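Visitor: I am attaching a structure below and will ask some questions about it afterwards.
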Amino acid sequence: MTPARRRELLLDALHAVLGAGHVQVLEAELEPWTRDWRGRYQGRALALASPESTAQVAQLIELCAAHEVAVVPQGGNTGLVGGATPDASGQQLLLSLRRMQRIRALSPVDGVVVAEAGCVVQHVQQQAQQQGMLFPLSLAAEGSATIGGVLSTNAGGTAVLRYGNARALCLGLEVVTAQGRIWNGLSSLRKDNTGYDLRDLFIGAEGTLGVITAASLQLFPLPAAQCTAIAQLARVADAVELLQRARAALGAGLTAFELMSAHSVQLVQEHFPQLGGGLQAQAPWCVLLEFSDSESQAHARQRLEQLLADGLDGGLVRDAVVAQSLAQAQAMWALREHIPLAQSRQGLNIKHDIAVPISAMAAFVESTAELVLECCPEARLVVFGHLGDGNLHYNVQAPRGGDAAEFLRRHQAACNRIVHDAAAACGGSFSAEHGIGQLKTSELQRYKSPLALELMRALKAALDPRGLLNPGKVLPPEAAGTDGDKP
Ligand code: ZN
């Protein structure tokens with residue numbers, strides 16, 4: 001039988017399982033989903049298949065396995081490393097989980113929501129809120145990112161400091177294996193020491209070990225009040241000192257501690273002049289703090305004001321504004337959340353998503369800036385992120401008015417090496433929350449130990465021996481050698 005005839009048979013079988021309209025093959029229908037959100041990768045796909053149930057996902061995977069067709073799972077397509085984009089062959093099946101959006105259960109008593117993989121994060125937040133509960137995962141793409149996607153990439157966001165990343169919020173999973181079998185691990189238990197932790201294997205695996213179809217996730221009581229403030233500081237070291245004081249004074253009530261360079265703030269104000277809440281950058285660094293309180297709004301404001309007043313008195317804080325209304329708090333958050341958008345409006349840039357120990361953060365930022373500017377003096381550093389959990393987006397923007405594409409061609413590899421080597425040198429990571437996808441496979445090869453890579457390959461071979469689940473993602477091709485500098 002010819003390969004074309006075999007593909008035809010597979011598509012007929014998929015049609016029979018999923019029903020008319022849920023196996024799309026036309027280029028125009030596929031086009032929005034075969035390109036990644038940043039526009040860095042353009043793939044092609046045999047078809048876009050959209051099952052509505054776990055049973056359909058299992059049948060689909062079984063059919064693809066029988067026909068030796070690789071499957072690329074996809075949620076909201078908001079990833080930043082090309083992890084959900086098929087390759088250019090046109091032979092891979094794009095598996096959209098977006099039709100699977102049922103909330104199967106929500107229990108305030110257990111503090112658990114069971115959501116299907118295609119549920120949009122914001123929808124889960126809203127459903128929880130209606131029951132007086134908080135689903136704390138919060139990130140800029142929450143209006144389109146899905147539960148399956150945030151678990152597959154182990155997403156972080158702005159609430160990790162208090163509530164942990166996607167992995168920490170996940171109690172159990174339902175997964176379809178590479179053979180099309182369904183593993184029901186939808187536990188709602190906080191404690192369960194019964195053998196190897198299969199759940200944690202699939203979280204952050206980017207769909208290379210199995211397809212997540214549903215998850216049980218932790219909920220928390222909604223805080224009675226929240227208060228937000230922005231403090232301005234002269235140095236990153238001062239921001240780290242303020243973080244220590246905030247932790248000591250506010251305890252678990254400190255729910256966000258976000259760093260923004262003055263340049264990042266100015267970039268937002270330039271591209272979104274309606275945002276910014278009247279903030280005048282008077283110092284090189286800004287910190288956005290959020291305090292969640294179980295008493296009242298007045299109590300929350302008083303606690304945050306006291307912390308900042310002490311900082312101002314001792315000269316640690318240069319200037320501080322505490323939001324006096326919900327609108328003002330939202331304006332502060334909008335400023336923080338629009339930095340990536342302002343960056344893309346400004347043009348192409350080199351993104352880094354590093355984590356380092358908080359104690360090493362100030363020295364890392366200072367010495368890395370020197371090295372990057374030595375390498376390309378005209379570059380603009382756009383540094384911001386989640387200082388509270390040690391994760392910064394240390395981005396390098398092309399010079400104003402220059403040819404940004406040419407800038408990236410000339411400097412990207414060198415900038416990556418400087419920033420990632422500097423992070424590694426202080427015990428950090430080159431990818432804190434975006435994952436590996438296809439963008440960073442060579443970095444994984446470079447920075448992971450040979451044994452760590454060997455163990456990862458052993459897991460892949462055990463769970464997906466024919467390599468049909470999201471091939472080419474996470475693990476670098478074996479023949480790639482050890483030179484991480486390859487494009
Ligand atoms: Zn982030």
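Laboratory data are not the source of any read-out in this text; all were calculated from the coordinates shown. Quick caveat: nothing in here was measured; it's all calculated off a predicted structure. Glycine gets a Cβ as well: all are built from the backbone with ideal geometry, and neighbour counts include every protein chain shown.
Visitor: How about segment 45-69: which of its residues are more than 13 Å from Arg7 (Cβ to Cβ) and charged (D, E, K, R)?
Guide: Glu52, Glu62 - these are the residues of segment 45-69 that are more than 13 Å from Arg7 (Cβ to Cβ) and charged (D, E, K, R).
Visitor: Starting from segment 403-427, keep only residues that are buried (at least 20 other Cβ atoms within 10 Å of the Cβ), then list their pairs with residues that are hydroxyl-bearing (Ser, Thr, Tyr) whose Cβ atoms are within a distance under 8 Å, requiring at least 6 positions of separation or different chains.
Guide: Listed pairs, sorted by first residue: Ile418/Thr368; Val419/Thr368; Val419/Tyr394; His420/Tyr447; Ala422/Ser367; Ala422/Thr368; Ala423/Ser429.
Visitor: Return a yes/no flag: does segment 304-325 have any residue that is in a helix (DSSP H, G or I), surrounded by 17 or more Cβ atoms within 10 Å (Cβ to Cβ) and among the acidic types (Asp, Glu).
Guide: First pass over segment 304-325, keeping only residues in a helix (DSSP H, G or I): 304-313.
Filter again for surrounded by 17 or more Cβ atoms within 10 Å (Cβ to Cβ), leaving 304, 307-308, 311.
Next cut, among the acidic types (Asp, Glu) only: none.
Within segment 304-325, none of the residues are in a helix (DSSP H, G or I), surrounded by 17 or more Cβ atoms within 10 Å (Cβ to Cβ) and among the acidic types (Asp, Glu).
Visitor: I've got another one for you. Can Ile354 be described as within 16 Å of the ligand (Cβ to nearest atom) and over 20 Å from Ser138 (Cα atoms)?
Guide: Numbers: within 16 Å of the ligand (Cβ to nearest atom): yes; over 20 Å from Ser138 (Cα atoms): no.
For Ile354, the condition - within 16 Å of the ligand (Cβ to nearest atom) and over 20 Å from Ser138 (Cα atoms) - is not met.
Visitor: Here are the criteria: (1) closer than 30 Å to Ser442 by Cβ; (2) crowded, with 19+ Cβ neighbours inside 10 Å. Tell me which single one Pro51 does not satisfy.
Guide: Single failed check for Pro51: (1).
Visitor: Now for a different question. Condition first: in contact with a Phe, Trp or Tyr (Cβ under 8 Å, 6 or more places away or on another chain) and either within 16 Å of the ligand (Cβ to nearest atom) or of a type outside the set (Val, Ile, Thr) (or both). Can you find one or more residues in segment 195-203 that meet it? Don't jump to the end; show me each part of the working.
Guide: As a first pass, look at segment 195-203 and keep what is in contact with a Phe, Trp or Tyr (Cβ under 8 Å, 6 or more places away or on another chain): 198.
Imposing the further condition that a residue be either within 16 Å of the ligand (Cβ to nearest atom) or of a type outside the set (Val, Ile, Thr) (or both) reduces the set to 198.
Yes, because at least one residue in segment 195-203 is in contact with a Phe, Trp or Tyr (Cβ under 8 Å, 6 or more places away or on another chain) and either within 16 Å of the ligand (Cβ to nearest atom) or of a type outside the set (Val, Ile, Thr) (or both).
Visitor: Hey, could you check segment 391-436 for residues that are among the aromatic types (Phe, Trp, Tyr) and touching a His at 6+ places or on another chain (Cβ under 6 Å) and say which is farthest from the ligand (Cβ to nearest atom)? Can you show your working first?
Guide: If we filter segment 391-436 for residues that are among the aromatic types (Phe, Trp, Tyr), which is where we start, we get 394, 407, 430.
Filter again for touching a His at 6+ places or on another chain (Cβ under 6 Å), leaving 394, 430.
Working: Tyr394: 11, Phe430: 14 Å.
Filtering first and then ranking leaves Phe430.
Visitor: Also, quick follow-up: Can you tell which of Gly164, Gly143, Gly156, Gly149 is closer than 22 Å to Ala256 by Cα, within 16 Å of the ligand (Cβ to nearest atom), surrounded by 23 or more Cβ atoms within 10 Å (Cβ to Cβ) and of a type outside the set (Lys, Arg)?
Guide: Numbers: Gly164 fails: surrounded by 23 or more Cβ atoms within 10 Å (Cβ to Cβ); Gly143 fails: surrounded by 23 or more Cβ atoms within 10 Å (Cβ to Cβ); Gly149 fails: closer than 22 Å to Ala256 by Cα.
Criteria check complete, one pass: Gly156.
Visitor: Okay, next question. Can you work out which of the residues in segment 68-106 that are farther than 17 Å from Leu30 by Cα and surrounded by fewer than 18 Cβ atoms within 10 Å (Cβ to Cβ) is nearest to the chain's Cα centre (by Cα)?
Guide: Selected residue: Gln101.
Visitor: While we're looking at this one, here's another question. Give the residue, chosen from Val109, Val150, that is closer than 25 Å to Asp192 by Cα, assigned to a helix (DSSP H, G or I) and of a type in the set (Val, Ile, Thr).
Guide: Values: Val109 fails: assigned to a helix (DSSP H, G or I).
Going through Val109, Val150 in turn, the sole match is Val150.
Visitor: Anything in segment 117-140 that is buried (at least 24 other Cβ atoms within 10 Å of the Cβ) and closer than 23 Å to Asn470 by Cα? List them, or say none.
Guide: Across segment 117-140, the qualifying residues are Ala117, Gly118, Cys119, Val121.
Visitor: Assuming Gly180 fulfils every condition listed in (1) on the phi < 0 side of the Ramachandran plot; (2) away from the ligand (no atom under 16 Å from the Cβ) apart from one, which condition is it?
Guide: Evaluating Gly180 over (1) on the phi < 0 side of the Ramachandran plot; (2) away from the ligand (no atom under 16 Å from the Cβ) leaves (1) as the failure.
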